[in-house]
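Trainee: Below is a structure I'd like to ask you about.
The values are calculated or read from the model by the stated rules, or taken from the named source; none is laboratory data. This structure is a prediction, so every number in the text was calculated from the model and none was measured. Reconstructed Cβ throughout: ideal geometry from the backbone, glycine too, with neighbour counts over all protein chains shown. Accessible surface areas use protein heavy atoms only, side chains included; no ligands, DNA or RNA. Shrake-Rupley method; radii C 1.70, N 1.55, O 1.52, S 1.80 Å.
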Amino acid sequence: MYNKNFIEFIGVQKSYDGENLVIPHLDLCIRQGEFLTFLGASGSGKTTTLMMLAGFEIPTKGQILMNSQPIQDVPAHKRGMGMVFQNYALFPHMTVEENLAYPLKMRGLNRTDIDKKVKAAMAKVHLENMGKRKPLELSGGQQQRVALARALVFEPELILMDEPLGALDKNLREHMQYEIKQLHQELGVTVVYVTHDQSEALTMSDRVAVFNNGRIEQIASPDKIYDLPNSPYIAGFIGENNALKGSLQKISGTTHRVDLGEGVSISLNRNVDSCLSPAADKPVTVMIRPEHIHLQTSKHSDEVTLSCTITDKVYLGDHTRLIGRLKNGNTIVAKIIDDLLTDETLVGNAVEFGCSEENILLFPGYD
Amino acid sequence: MKHRNHVLIGQLIHYFFGILMVLFLITPLIAIIPLSFSSGSFLSYPLPGLSLRWYQEVFSSGPWLDSLQNSIFVGLFSTVLATVLGTFAAFAMARRNISAQRSILGFLIAPMIVPPVITGLGMYFLFGQLGLTASFKGLVIAHTVLATPFVVITVTANLQNFDMKLFRAASSLGASPVRAFFTIVLPLIMPGIMSGALFAFVTSFDEIVVTLFLGGPAQRTLPRQMFDGIRDSIDPSIIAMSVFLMLIALLTLITSAWLNQRSKNKYMTE
Ligand SMILES: Nc1ncnc2c1ncn2[C@@H]1O[C@H](COP(=O)(O)OP(=O)(O)OP(=O)(O)O)[C@@H](O)[C@H]1O
Ligand SMILES: [Mg+2]
């Protein structure tokens, strides 16, 4: 029903100074109606990409299409995209109402329509009684809502938000995340959202695009990104991961062994990616999430065992973090639910960590 | 105890030099004010008596009033021109990172730095070719050139507090660059523009050197009239006019300080 290729970036490249490529090569499709988040470390090119979409920066190379039409030559004010800026960018000399009426005035609507729409927008973000105030007379959260309402009031098809919640405290941020998500579902509008907060990205988005050095490392739904990261970078960036360096050997058929050095190894009885199945030794990075590790009491056939010495134990309320050291010196972090701890899980004691084979991720090379 | 004494002495010296400096700057000005109320016609103390006759003379029709009118006329026109040109120039430089920005700024404020005699001489030859000497048109253009740098500087300073994101926000909401300028930028930098305009007006109002080169008998401005007055017959009417000009300068300064304060308090986001 929706256009799958609402927005397309085709081979887009961007350099500010003509030398350094901030965006070396970007291909991206944005689906109509989706909530897409750009997630990435500082300086990874999220804002740059958003600004090119908004029309404030020009791609050095490549094309951006909207509904299959190139939009390079459409100036920002004719693109009709709603935008929410990090520090809100409300007009300080205008009241809340005037701020909201601004885009409607620019579109030449008449007074009665403007009043009606402004009222409706204020109701949508729960600011009914604030119309006559100036932005500086509002709290951060209220200013944020005005900015949101102003970007929605002219009913754009696409809304761009660059770290809109960055300046709010944690509680308010979570509340606003919920409200933005609600508005997205209610209005069916397409949202492109920039953040470097991964939990925000995971909770709000239909899809997440993870940026790294100006490239999209992976673009997928939050659960895919979390469970099936396609690179050690993603595995390490999203959530927590234990990364172990080893070399992969094929024993026979589907039996593989990963040698982690100094006599530590894990054996896997499953298929591995074709790019990983060599005849000889192959360097691999093994990734295991702390929450996938449990205390092994009796060994199941599809489990691997890691024998450690407990070096630290941190109580965190709903769970306990156990930090263990393998014989080869690597540390392993495990998240264990409190009920499962025994009298024997003490610092200094030996422990058997277990993990089911399907939760062990292998990546070629060392990150 | 000892430390406190040091601080105290430091403070005293501080005040002493501060007051000395102020006296040094304004004593000559204050010294002449009483002369304008003299009832005699010589510039000397003690005053023979007090009267307002020189003010009457200056503000009754005659060469003084004509030259005041000329000054206001030239001042207003060149202020409007300088303000418009200076504001646009400052905005252009603030909006884009023009790489040659510094050299352009240098050119724009050159008339403020180059000695007026040189500017005057240059304009005299150039305007002579163009037939603009001894005309109001020429004088207004010349004063505009001299006054624009003041507008560029004050507006540039004001634009440094202006968040360019607001301009982008306006664009994203559908405002063309021209509309965004008039609806968002202009209202927010208005205090800066106003104080730039005040400076521009004062520059033109006080200007003498270039006027001497370019002005004909019909373009006798107030400073020109005073200049001639000093040469020909020196009487307290010139002092009365000077006091009037001081009053205007004082008002201008106060207004501009007030505008600055207002722009700082009102729209400072973080
Ligand atoms: N106007 C500019 N001129 C020159 N370089 C720029 C400009 N804006 C950004 N850059 C550079 O481009 C790179 C990407 O910046 P960008 O702002 O897109 O990162 P980001 O992912 O939004 O980071 P953050 O999370 O810190 O906002 C950075 O190395 C930055 O220094
Ligand atoms: Mg950014």
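Trainee: I want to confirm something. Restricting to region A:73-83 and keeping residues that are of a type outside the set (Gly, Ala, Ser) and open to solvent by 20 Å² or more (accessible area, probe 1.4 Å), which single residue is farthest from the other protein chains (Cβ to nearest Cβ)?
Mentor: In the first step, residues of region A:73-83 are kept if they are of a type outside the set (Gly, Ala, Ser); the result is A:73-75, A:77-79, A:81, A:83.
Now narrow it down to the ones that are open to solvent by 20 Å² or more (accessible area, probe 1.4 Å): A:73-75, A:77-79.
Values: A:Asp73: 15, A:Val74: 12, A:Pro75: 8, A:His77: 4, A:Lys78: 8, A:Arg79: 8 Å.
Of everything passing the filter in region A:73-83, A:Asp73 is farthest from the other protein chains (Cβ to nearest Cβ).
Trainee: Oh, and also: Of these, A:Asp223, A:Asp206, A:Asp227, which one is of a type in the set (D, E, K, R), at pLDDT below 90 and surrounded by fewer than 17 Cβ atoms within 10 Å (Cβ to Cβ)?
Mentor: On the way: A:Asp223 fails: at pLDDT below 90; A:Asp206 fails: at pLDDT below 90.
A:Asp227 is the lone residue from the list that is of a type in the set (D, E, K, R), at pLDDT below 90 and surrounded by fewer than 17 Cβ atoms within 10 Å (Cβ to Cβ).
Each row is one residue, and each column tells you yes or no for (1) modelled with pLDDT under 85; (2) surrounded by 11 or more Cβ atoms within 10 Å (Cβ to Cβ).
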residue	(1), (2)
B:Ile13	no, no
B:Tyr45	yes, no
B:Gly62	yes, yes
B:Asp66	no, yes
B:Ser71	no, yes
B:Leu76	no, yes
B:Ala89	no, yes
B:Ile98	yes, yes
B:Ile104	yes, yes
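Trainee: Give me the pairs: first residue in region A:15-41 and among the basic types (Lys, Arg), second residue away from ligand 1 (no atom under 11 Å from the Cβ) and assigned to a strand (DSSP E or B), beta-carbon distance under 9 Å, and six or more apart or on different chains, which are they?
Mentor: Qualifying pairs under 9 Å: A:Arg31/A:Ile7; A:Arg31/A:Thr190; A:Arg31/A:Arg207.
Trainee: Something else now. Can you find, within region A:339-367, the residue that is surrounded by the fewest Cβ atoms within 10 Å (Cβ to Cβ) among those that are assigned to a loop (DSSP other than H, G, I, E, B) and charged (D, E, K, R)? Before you say what the answer is, go through the steps one by one.
Mentor: Looking only at region A:339-367, we keep the residues that are assigned to a loop (DSSP other than H, G, I, E, B), and these are A:341-349, A:360, A:365-367.
Within this subset, residues satisfying the condition of being charged (D, E, K, R) are A:343-344, A:367.
Numbers: A:Asp343: 6, A:Glu344: 10, A:Asp367: 12.
So, considering only residues that are assigned to a loop (DSSP other than H, G, I, E, B) and charged (D, E, K, R), the one surrounded by the fewest Cβ atoms within 10 Å (Cβ to Cβ) is A:Asp343.
Trainee: Out of all the residues in region A:189-199, is one or more modelled with pLDDT under 90 and among the polar types (S, T, N, Q)?
Mentor: From region A:189-199, those modelled with pLDDT under 90 are A:196-199; that's our starting set.
Adding the requirement that they be among the polar types (S, T, N, Q) leaves A:198-199.
There is at least one residue in region A:189-199 that is modelled with pLDDT under 90 and among the polar types (S, T, N, Q).
Trainee: Out of the residues in region A:49-68 that are open to solvent by less than 50 Å² (accessible area, probe 1.4 Å), away from every other protein chain (no Cβ under 14 Å) and more than 16 Å from A:Ile159 (Cβ to Cβ), which is farthest from ligand 2 (Cβ to nearest atom)? Talk me through it step by step, then tell me what you get.
Mentor: If we filter region A:49-68 for residues that are open to solvent by less than 50 Å² (accessible area, probe 1.4 Å), which is where we start, we get A:49-57, A:59, A:62, A:64-66.
The next check asks that each one be away from every other protein chain (no Cβ under 14 Å); those that pass are A:49, A:59, A:62, A:64-66.
If we keep only those that are more than 16 Å from A:Ile159 (Cβ to Cβ) too, we end up with A:59, A:62, A:64-65.
Working: A:Pro59: 17, A:Gly62: 20, A:Ile64: 18, A:Leu65: 23 Å.
The extreme case among them is A:Leu65.
Trainee: Grab the helices (runs of 4 or more DSSP H) fully contained in region B:129-229, keeping just those with 2 or more residues being surrounded by fewer than 23 Cβ atoms within 10 Å (Cβ to Cβ) and under 14 Å from the mean Cα position of the chain (by Cα). Quick ask: steps written out before the conclusion?
Mentor: Values: elements: B:136-160, B:164-172, B:177-180, B:186-206, B:209-214.
Those helices (runs of 4 or more DSSP H) span B:136-160, B:186-206.
Trainee: Which of the residues spanning region A:11-41 are within 20 Å of the chain's Cα centre (by Cα), within 16 Å of ligand 2 (Cβ to nearest atom) and either within 14 Å of chain B (Cβ to nearest Cβ) or open to solvent by less than 20 Å² (accessible area, probe 1.4 Å) (or both)?
Mentor: A:Ile23, A:Leu26, A:Leu36, A:Thr37, A:Phe38, A:Leu39, A:Gly40
Trainee: Yes or no: A:Gln86 within 11 Å of chain B (Cβ to nearest Cβ), of a type in the set (S, T, N, Q) and not in a helix (DSSP H, G or I)?
Mentor: Details: within 11 Å of chain B (Cβ to nearest Cβ): yes; of a type in the set (S, T, N, Q): yes; not in a helix (DSSP H, G or I): yes.
The answer is yes for A:Gln86.
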